[in-house]
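Read the structure below first, then the notes.
The values are calculated or read from the model by the stated rules, or taken from the named source; none is laboratory data. In this text the structure is predicted, and so the values were computed from the model without any measurement. So basically every Cβ, Gly included, is an ideal-geometry build from the backbone, and we count neighbours across all protein chains shown. Note: areas computed on protein heavy atoms with side chains; ligands, DNA, RNA excluded. Shrake-Rupley method; radii C 1.70, N 1.55, O 1.52, S 1.80 Å.
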Amino acid sequence: MNTVLYDYWRSSASYRVRIALHLAGEPFDSVPVDLLAGTHRAPEHLARNPQGLVPVLEIDGAQFTQSLAILEYLNDTRALGLLPEDPIQRTKIRALAHSIAVDIHPVCNLSVVRHATAEAKDKPAATRAWMQHFIRPGLVAFDTLLEGFEQTPFCCGDTPSLADLCLMPQLYNAHRWEVDLSDLARLQAVETACARHPAFAAAHPDNGRPD
Ligand SMILES: N[C@@H](CCC(=O)N[C@@H](CS)C(=O)NCC(=O)O)C(=O)O
């Protein structure tokens, strides 16, 4: 059975999983679920994920939702080395990843932002202001948390960790909404390193941008 990823090209959570699949060298078919067209709310997708969210991954005869759970599954079954053995370091790297995936990402989700800006006269401006309001402080905190690690050159060492897989999609989103990150040197250095990595490059949203 083929590995299938139900995703959306601009979805950060899907982008995390694409990076992991490319790190694993796992061939997969990408099935786009158009969030702007509302395809994620159609019965067909709700049957895959009752939450109506992407990504959904079919792999090894199983179907998974929730990107962090999927990353841990791929890490466990494909030896990706996203988390170290040491329980203290493991927990600290998970905390970095969660600071993005659990704290920044949900408040910047399409359904949340649409609801929050429903009454705004200038929706594009209100959306940008909302994004900037939540993304910059979250990434400033992430940059400060990185002080506890050596970026040689990735967030926590010389190979990509769970933190890098969450950071890069969030940075893509930050650039999209013109969040100023010019003073965050650690983040910029990690971004340069990740962007050069073939798995990150292959997973980039531009590769899935509809024609
Ligand atoms: N915690 C979930 C979040 C998934 C999620 O929020 N996906 C977004 C795209 S990045 C989505 O499907 N949004 C649809 C919506 O907000 O209606 C995960 O990590 O997989």
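Measure out, as a whole number of angstrom, how far apart the alpha-carbon centroids of the stretch 13-65 and the stretch 120-193 sit. Value for the Cα centre distance between the two parts: 24 Å.
What full-extension length gain, to one decimal in nm, is calculated for Asp60 and His133 as 0.36 nm per residue of separation minus the Cα-Cα distance? Write out the running numbers ahead of the final one.
Working: separation 73, 0.36 × 73 = 26.28 nm, distance 4.01 nm.
In short, 22.3 nm is gained.
Applying 1/(1 + (r/R0)^6) with R0 = 41 Å to the Cβ-Cβ distance of Arg186 and Asn2, what FRET efficiency is obtained, to the nearest 0.05?
0.60
Annotation: peptides 154-165, 70-81, ranked by per-residue average of other Cβ atoms within 10 Å with the highest first, follow the order 154-165, 70-81.
Rg of the Cα atoms in the stretch 4-80, relative to 2.2 N^0.38 Å, amounts to 1.03.
In this Cβ point-charge picture (+1 for Lys and Arg, -1 for Asp and Glu), the chain has a dipole of about 520 debye about its Cα centre.
Once C-alpha pairs closer than 8 Å and six or more residues apart are averaged by separation and normalised to the residue number of the chain, the relative contact order reads 24 percent. For Asp206 and Ala118, the difference between the fully extended length at 0.36 nm per residue and the C-alpha to C-alpha distance is 28.8 nm. About the centre of its Cα atoms, the stretch 21-143 shows a dipole size close to 560 debye [charges on the beta carbon of Lys, Arg (+1) and Asp, Glu (-1) only; nearest 20 debye].
Could you calculate the FRET efficiency of Ala69 with His175 from 1/(1 + (r/R0)^6), where r is the beta carbon distance between them and R0 is 35 Å, rounded to 0.05? Walk me through the numbers before you get to the answer.
Values: r = 27 Å, r/R0 = 0.77.
My answer for the efficiency is 0.85.
Treat every Asp and Glu Cβ in the stretch 87-201 as -1 and every Lys and Arg Cβ as +1, leave all other atoms uncharged, and give the resulting dipole magnitude about the Cα centre to the nearest 20 debye. Around 360 debye, computed over the stretch 87-201. Ordering Ser30, Gln188, Pro210 by the projection of their Cα atoms onto the charge dipole of the chain, which places +1 on the Cβ of Lys and Arg and -1 on the Cβ of Asp and Glu, puts Pro210 at the extreme positive end. Here the sum of -39500 (n - 2.57) over DSSP H runs of 4 or more residues, divided by the residues of the chain, equals -15500 deg cm²/dmol at 222 nm, to the nearest 500. Across the stretch 87-201, C-alpha contacts under 8 Å between residues 6 or more apart give a mean separation that, scaled by the residue count, equals a relative contact order of 29 percent.
Return the ratio Rg/(2.2 N^0.38 Å) for the stretch 87-201, where Rg is computed over Cα atoms only. Each step should come with its number before you reach the end.
Working: Rg = 14.8 Å, N = 115, 2.2 N^0.38 = 13.4 Å.
With N residues counted in the stretch 87-201, Rg over 2.2 N^0.38 Å equals 1.11.
For the chain, which whole percent of the accessible surface, found with a 1.4 angstrom probe, sits on carbon and sulfur atoms? Don't jump to the answer; show the numbers that get you there.
Numbers: 5670 of 10500 Å².
The value for the chain is 54 percent carbon and sulfur by accessible area.
For the chain, the per residue solvent-accessible surface stands at 50 Å², with DNA, RNA and ligands left out and a 1.4 Å probe.
Convex hull over the Cα atoms of the chain, averaged projected area in nm²?
12.1
Beta-bridge orientation, the chain: approximately 65 percent antiparallel, per DSSP, counting only bridges with both partners inside.
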